[in-house]
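Below: one structure, written as structure tokens.
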Amino acid sequence: MEIKTVRIPTGTPGDIHAVMEVSDGVIVNAEVCSSTTPLAWETLVLEKHPEFAIVAAERVCAGCDASAGLAVAEAIENALEVQVPDAATEAREALNAANTVRSHATSLLKSDLDLDADALYTVIKAAKKVLHALGRKPDHPPAITPGGLELETIPTAKVENAAKEALETAEKIKDDTASAVDDLKDEIQAEMNVETYGEPGYKADLTPDDVEIVPPDEFYRMKSALELANNHVALVDGNPTLVGPQARKNLTDHPLDAYTAKAEEIVESLEKIAETSENLDPNADVKTDVEYTSGEGHAAVEAPEGTLLVTIKLRNDRVDEALMVTPSNVKAAVAGRVLKDLEEEHAPTVIKALGLSGRCLTH
Amino acid sequence: MRKILRKLVGKEEETETGTDGGERPLDPELVGEYRTVLLTRATDERVREAGQDGGTTTALLAHALDEGHVDAVVAAVKKNGWKPEPRIITDPDELIEAAGSKYSISPNVSLLNEALAAHESVAIVGTPCQITAVRKAQKYPYGLPDTDAVALTVGIFCTENFEYDNLLALLKDMNVDIDDVERMDISKGKFIVLTKDGEEHTVPVKELGRYSNEACEYCTDFTAEEADVSVGSVGAPDGWNVLIVRTETAEELVQSAVENDVLETKDPEEGNLNLVEKLSEDKKTRIQASKCATWRPYHPNVPL
Amino acid sequence: MKIAVLSLMACGACARNLEEACHETGHEIVWSSLDGDTGKPDADVLFIDGAVDFTDHETLEKLQETTSAVGTVVSLGSCAATGGFERHVIGMRDPDRYHFTVFPAAKFTDTDYAITGCPPTTDAIAAFLQALDERDEEALRPYKVLSGDYHALKPDLPAPVTGPELPVEDVLLTSNKDLCLGCDLDVIEKDLFCVGCGTCSTACPAMAIVMDEKPVIRQERCIRCGTCFASCPRSFKTTRG
Ligand SMILES: Cc1cc2nc3c(=O)[nH]c(=O)nc-3n(C[C@H](O)[C@H](O)[C@H](O)COP(=O)(O)OP(=O)(O)OC[C@H]3O[C@@H](n4cnc5c(N)ncnc54)[C@H](O)[C@@H]3O)c2cc1C
Ligand code: SF4
Ligand code: SF4
Ligand code: SF4
């Protein structure tokens, strides 16, 4: 029996480490954590204006940026009991879907699967167009604001075209991914026996009561993990739980199915964007005025990598308390279990497929 | 008309073969690089009526929209009390609302991101400094995506602009109420205000200095040297425009506008192009007389 | 060109845009810390993105090791170049144990060029790569000046204004060195260089600037990235053509 600590390159910002107890090349026990310096979004936004909480959340990790912004905006709206116009919610849904397309395509590019990069960049371009059109910039979309979206008109035609044009390529990516995953599965024998949380769609009904946040010294049992860990982990209904594309698509036989699920979600998200934009009135109102009072609210959004929960307490136009539970927080709790019984050499491929980001984990 | 068209085409051949032997009507040192200079006006009387001079700008932009050369135009519309406001316009008929010069700041470039986000190709009209800004954004697009979708830049000649409050002060000193103003113009060395009662009030341009936006004092670009096409009034007969065509795309667009009877042209000989050169030169030298010429960076180690 | 990427405290958007720009322009990323590469990269250009926590010795050593191996070093994005968003974590009202030790990566190593932005657009990175590939000194100059040690700059007296744009060095001398209108609108606005074009507002990645003839900063949204300053036609001159 041997204890090994490996840094696992996931292609995402921040560091991810797996501490593994290995016997005869097989992982008997494992824990996954991050040593990344925390941005500490929760502290950073204290006493700041709620708008800043959104802007800052988008800069936690590029992978889920728009979704993080949306979750914070919705939490603020719930705290203030603001009703956003229906069109804004629809447009936000499309924005979140575009974020999913971009994030998943980037993650497929970085995966150990050998996929057509040109095809992936084609859908990334389409997603960026949608993000630009609905979010006003392709990165960290700044149009997201409490009360709706900062848009004069909704460029539905451009959004619809962009999504439709990329659909064919997305279908091809889906087929390529499915067969590439099948090939790799022959090499990597693994099973996943985990609880899942998440449904397809934009908003999730996860509440702070369903989530238990465990500090590192209470969660990590192995000494090396404890020394490294800068992150909390989150349990859903008291259990380590899998969130994200696999959970939403109910594809949990094998960890590599994460990629299958992502490729499928790319297609579905593009369809969703096309459908939404087709039904949206370009001149619909997408913003209500917000008056800052005191209150507390939470919101959960299905971000690309999984359910993202935000709670925020406002004192007039200042943030009094904030809490963010990210997809990586939840998945880190389950990652050790996924590694169990796996051959050691496959650990990096499997952890990468799980879609963890060190930055997201420590936020 | 045919003759002028032929001239237009002939010019193009000249520049292409590089046998630029003939007299150039304007000195590129003063007005920037260009391909052709024309006198033009809109054929549509309605456009001429609404337009500042010949309505060339409005007609050309409408043509670009009609032809599908661009999907949207960023221009300045007039709000209450002559206060301009930038707007994204997709309907050629709506461009009429943007016609006419507004003598205060309209931050047209501020809508460029929105226009690029919503449309595949965009035209922008603006003062020389705004065109420079767009060019810089194309070369150093730090925060602005898809700047290559700016398919047309139309620059308007400019000596100076005014902050709105200062424009009000200027009008007040001229004993004119902003709500009575029918039209404002800078022409023949004078700032001319036509009031609704048909009266004309004038101030020599020389006296405008203390009202104008300070930043204009060290602007050296009169003709929007970096635009695809620049439009002005000085040097053209009344009701006409001087049109400086600088790029190939603009040349094609202007040609098609002429062929489609959107613009009519006149022989440049009938204007007084020397004036364009003179004003350009004035603007390039006035910076030396500006109070900013003595401006010196603040630095802790250097006594002020 | 062979390109290396060292990603530090960053959200990853800069590196992602760089990868995309490389894909588009045909430059190859041969080494990336995001993909687990370590040691000395064998590359022509190294891009660093993100800030550094200077109590994190491991990262500082990594920074030393990688930068020493590559001829041209570029700080990519505002976090690396001037602090940008990460600077918000410095000097917080009530800093927790991590924060007051975070600084832009460019503070800890010599960089040759800096690309402002939060993140810089794919186009901006592609434009830089092209200028670098062609060794277009004039086009590269702004990137170079913005990466330099502008605290050491000396004004050229009597420095008369000779053109519509301020020489970038002069602006740096007057500013609080943060190169951000959010921090220091005075440089351009109060010094009356502002023409009211609106470029700052259009370029701002946080939509933190509204225009009322001149820019008005919504401080609550400003992330101190400096995109406004770098984009302003009055901050530095560009070559024509
Ligand atoms: C402040 C200012 C100063 C000028 N000074 C001179 C001068 O000294 N000599 C000279 O020959 N010409 C000057 N002009 C240009 C001139 O007034 C006409 O705009 C030009 O001749 C084009 O005429 P047109 O009939 O084609 O314009 P139109 O067809 O009426 O179109 C004018 C276009 O200009 C845009 N516009 C109007 N006001 C502004 C503004 N404030 N900022 C940005 N865009 C605007 C409108 O959107 C419209 O598209 C100036 C214009 C302005 C705005
Ligand atoms: S004079 Fe120059 S700076 Fe002033 S508005 Fe005209 S072009 Fe802009
Ligand atoms: S105003 Fe905008 S562009 Fe300028 S520093 Fe702030 S966030 Fe960046
Ligand atoms: S970009 Fe510069 S000149 Fe233009 S409005 Fe902003 S500060 Fe003023």
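Taking the helices alone, chain A has a mean residue ellipticity at 222 nm of -14500 deg cm²/dmol, built from -39,500 (n - 2.57) per DSSP H run of at least 4 residues and averaged over all its residues. Among the lysines of the stretch C:2-151, pairs at least eight places apart or on separate chains and with Cα atoms under 16 Å apart come to 4.
In peptide B:192-202, what is the residue-averaged number of other protein chain Cβ atoms found within 10 Å of each Cβ? Whole-number average of other-chain Cβ neighbours for B:192-202 is 0. Packing, as the average of other Cβ atoms within 10 Å across residues, places the peptides B:212-225, C:36-49 in the order B:212-225, C:36-49, highest first. Per residue of peptide A:40-46, the mean number of Cβ atoms on other chains within 10 Å of the residue Cβ is 4.
In this label model, A:Val26 and A:Asp182 are separated by 2.8 nm, measuring between points 7 Å along each Cα→Cβ vector. Can you compute the FRET efficiency between B:Ile192 and A:Asp205 using 1/(1 + (r/R0)^6), with r the Cβ-Cβ distance and R0 = 60 Å? Round to the nearest 0.05. Computed FRET efficiency for B:Ile192 and A:Asp205 comes out at 0.35. Rounded to the nearest Hz, the phi-derived 3J(HN,Hα) couplings of the stretch B:94-99 under the Karplus curve 6.51 cos²θ - 1.76 cosθ + 1.60 (θ = phi - 60°) are 5, 4, 3, 4, 8, 5, where x marks glycine and proline.
Do you know the relative contact order of the stretch A:2-362, to the nearest whole percent, from alpha carbon pairs under 8 angstrom that are 6+ apart?
Answer for the stretch A:2-362 is 30 percent.
Take the Cα of A:Asp317, step 7 Å along the line toward its Cβ, and report every residue of the stretch A:285-301 whose backbone nitrogen sits under 18 Å from that point. Residues A:288-295 fall inside that zone. Projecting label points 7 angstrom from Cα along Cα→Cβ for B:Glu23 and B:Asn274 puts them 1.1 nm apart.
Tell me which trypsin sites (Lys or Arg not before Pro) from the stretch C:1-96 have a DSSP coil assignment and no more than 11 other beta carbons within 10 Å of their own. Walk me through the numbers before you get to the answer.
Details: sites: C:Lys2, C:Arg16, C:Lys62, C:Arg87, C:Arg93; in loops: C:Arg93.
The qualifying sites are C:Arg93.
Legend: mean number of C-beta atoms from other chains within 10 angstrom of residue C-beta atoms, peptide B:143-152, equals 6.
Straight Cα distances below 17 angstrom link B:Lys266 to the aspartates and glutamates B:Asp44, B:Glu45, B:Asp53, B:Asp238, B:Glu251, with same-chain residues fewer than 8 positions distant left out.
Here's the list of lysines a cross-link from C:Lys214 could span, going by alpha-carbon distance under 18 Å and ignoring same-chain residues fewer than 8 apart: B:Lys78, B:Lys79, B:Lys83, B:Lys102, C:Lys190.
C:Trp31 contributes an accessible area of around 20 Å² to the protein surface, as traced by a 1.4 Å probe with all chains present. The DSSP beta bridges internal to the protein assembly as shown are antiparallel in roughly 75% of cases.
Rounded to the nearest 0.05, the FRET efficiency derived from the C-beta distance between B:Arg46 and B:Thr90 at R0 = 25 Å is 0.85. Unpaired Cys in chain A, meaning no second Cys C-beta under 4.7 Å: A:Cys33, A:Cys64. A simple rule links phi to the HN-Hα coupling: the Karplus curve 6.51 cos²θ - 1.76 cosθ + 1.60 with θ = phi - 60°, which for the stretch A:279-295 gives 8, 7, 7, x, 9, 5, 6, 10, 8, 9, 5, 10, 10, 7, 10, 9, x Hz, with x for Gly and Pro. Backbone N atoms of the stretch A:230-263 closer than 14 Å to the 7 Å Cα→Cβ label point of A:Asp341 belong to residues A:253-255. Only lysines eight or more places from B:Lys284 in sequence, or on another chain, were considered; those with a Cα closer than 22 Å are B:Lys136, B:Lys188, B:Lys190, B:Lys206, C:Lys237. What you get for the stretch B:162-212, charging only the Cβ of Lys and Arg (+1) and of Asp and Glu (-1), is a dipole of about 340 debye around the Cα centre. Annotation for the stretch B:176-221: trypsin sites (Lys or Arg not before Pro) lying in DSSP loop with at most 14 further Cβ atoms inside 10 Å of their Cβ are B:Lys188, B:Lys196, B:Arg210.
The values are calculated or read from the model by the stated rules, or taken from the named source; none is laboratory data. Since this is a predicted model, take the numbers as computed values, not measurements. All Cβ positions, glycine included, derive from the backbone under ideal geometry; neighbour counts span all protein chains shown. Each accessible area value is taken on the protein alone, full model and side chains, heavy atoms only, with ligands, DNA and RNA left out. Shrake-Rupley method; radii C 1.70, N 1.55, O 1.52, S 1.80 Å.
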